[in-house]
Amino acid sequence: MTETRHTRALIIGSGPAGYTAAIYASRAMLEPVLVQGIEPGGQLTTTTEVENWPGDVEVQGPDLMLRMEAHAKAMGCDVATDIITDLDIDNRPFTAQSDSGTTYTADAVILATGARARWLGLPSEEAFKGFGVSACATCDGFFYRGEEIVVVGGGNTAVEEALFLTNFASKVTLIHRRDELRAEMILQDRLKKNPKIEPLWFHQLDEVLGDDNPKGVTGVRVRHVETGETHEIPCKGVFIAIGHAPANELVKDRLEMKEGGYVKVRPGSTETSVPGVFAAGDLTDDKYRQAVTSAGMGCMAALDAERFLATQDD
């Protein structure tokens, strides 16, 4: 049975930006509804140790997100386990259709849909997704105990995943197309000190190799970026860690965008090109992309929405 639910502030997404927006919107008496989306808790649910969240020397990502969800609920936010499949922002109240059949209408919308793992786009990568190719070490690392595996990338994500995977794998080869990493220095230092990790500089993944019966990865073919020479590396798992792309599907043709598909906001605010629609977190942040900055933007979005709604009530 379908139903229509109205809220003053609809929050789409449930990472640090979404839950922080929910806390502040609840305190502003906006009686917000937060729709969690396809990955409740966002990217931090696939992260193990978080060491840069103020107040916690170390906290597990999933635990942190459960605490945020509980906080939002305690403040009075209605958290819906649902997925928004379509969003109409051409007319107010805004209208969102969901996977459950529920229609949500709202006077203001806060977009906090975050980002998703970026893939290389190789046919062989697609063919072995879920059968040895993954973008989530914390989800799948356990399956590769005692095996040799490969990680592709050179930023924080790649180094964090390589370090985590040493808990299971006998050897981790980190493939990077340059000869230096973009990761934070503390992570680079840990990587250099870990005897299980072997960096392979100036190379890129050319093809994932594997069998069909049973289906699984047996190795990778890598190519030297300067000479073009190729060679094969035996492995059982391939982890792609080349960053993330903003989850902008709901608004990519309806809001003004920045390069890379990030939602553009007015400097110093979370206001988008459509009045009453606000964006926070990794959906709009192409520079910092940290949990703490996402949370800060969630706060800003709720305050911006509160001020916007106050002007509409005058």
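Scan the range 234-248 and tell me whether some residue there is within 30 Å of D88 (Cβ to Cβ), in contact with a helix residue (DSSP H, G or I) (Cβ under 7 Å, 6 or more places away or on another chain), of a type in the set (A, V, I, L, M) and part of a strand (DSSP E or B).
no
Does L30 meet the test of being assigned by TED's automatic domain parsing to the domain that holds A305, modelled with pLDDT of 95 or more and aliphatic (A, V, I, L, M)?
On the way: assigned by TED's automatic domain parsing to the domain that holds A305: yes; modelled with pLDDT of 95 or more: yes; aliphatic (A, V, I, L, M): yes.
So L30 fits the description; yes.
Of the conditions (1) surrounded by 15 or more Cβ atoms within 10 Å (Cβ to Cβ); (2) farther than 24 Å from E39 by Cβ; (3) not assigned by TED's automatic domain parsing to the domain that holds A305, G146 satisfies every one except a single condition; which number is it?
Here G146 clears every test but (1).
Given the conditions (1) under 24 Å from the mean Cα position of the chain (by Cα); (2) within 26 Å of D304 (Cα to Cα); (3) in a strand (DSSP E or B), which single one is not true for I149?
If we test I149 against (1) under 24 Å from the mean Cα position of the chain (by Cα); (2) within 26 Å of D304 (Cα to Cα); (3) in a strand (DSSP E or B), just (2) comes out false.
Can you give me the ranges of the strands (runs of 3 or more DSSP E) entirely in the range 1-117 with at least 2 residues that are surrounded by fewer than 20 Cβ atoms within 10 Å (Cβ to Cβ)?
4-12, 84-88, 94-98, 103-111, 115-117
Can you name the residue in the range 253-288 that is touching a residue at least 60 places away in the same chain (Cβ under 8 Å) and surrounded by fewer than 18 Cβ atoms within 10 Å (Cβ to Cβ) and is also farthest from L30 (Cα to Cα) among such residues?
Going through the qualifying residues, I end up with R254.
Kindly check whether there is at least one residue in the range 238-251 that is under 24 Å from L30 (Cβ atoms) and exposed (fewer than 15 other Cβ atoms within 10 Å of the Cβ).
no
Can you name the number of the only condition in (1) closer than 21 Å to G37 by Cβ; (2) crowded, with 17+ Cβ neighbours inside 10 Å; (3) without any contact (Cβ under 8 Å) to a residue 60 or more places away in the chain that A302 fails?
Only one criterion in (1) closer than 21 Å to G37 by Cβ; (2) crowded, with 17+ Cβ neighbours inside 10 Å; (3) without any contact (Cβ under 8 Å) to a residue 60 or more places away in the chain is unmet by A302, namely (3).
The values are calculated or read from the model by the stated rules, or taken from the named source; none is laboratory data. Keep in mind it's a predicted model, so treat the numbers as computed, not measured. Don't worry about glycine lacking a Cβ; one is built from the backbone with ideal geometry, like all the others, and counts go over all protein chains shown.
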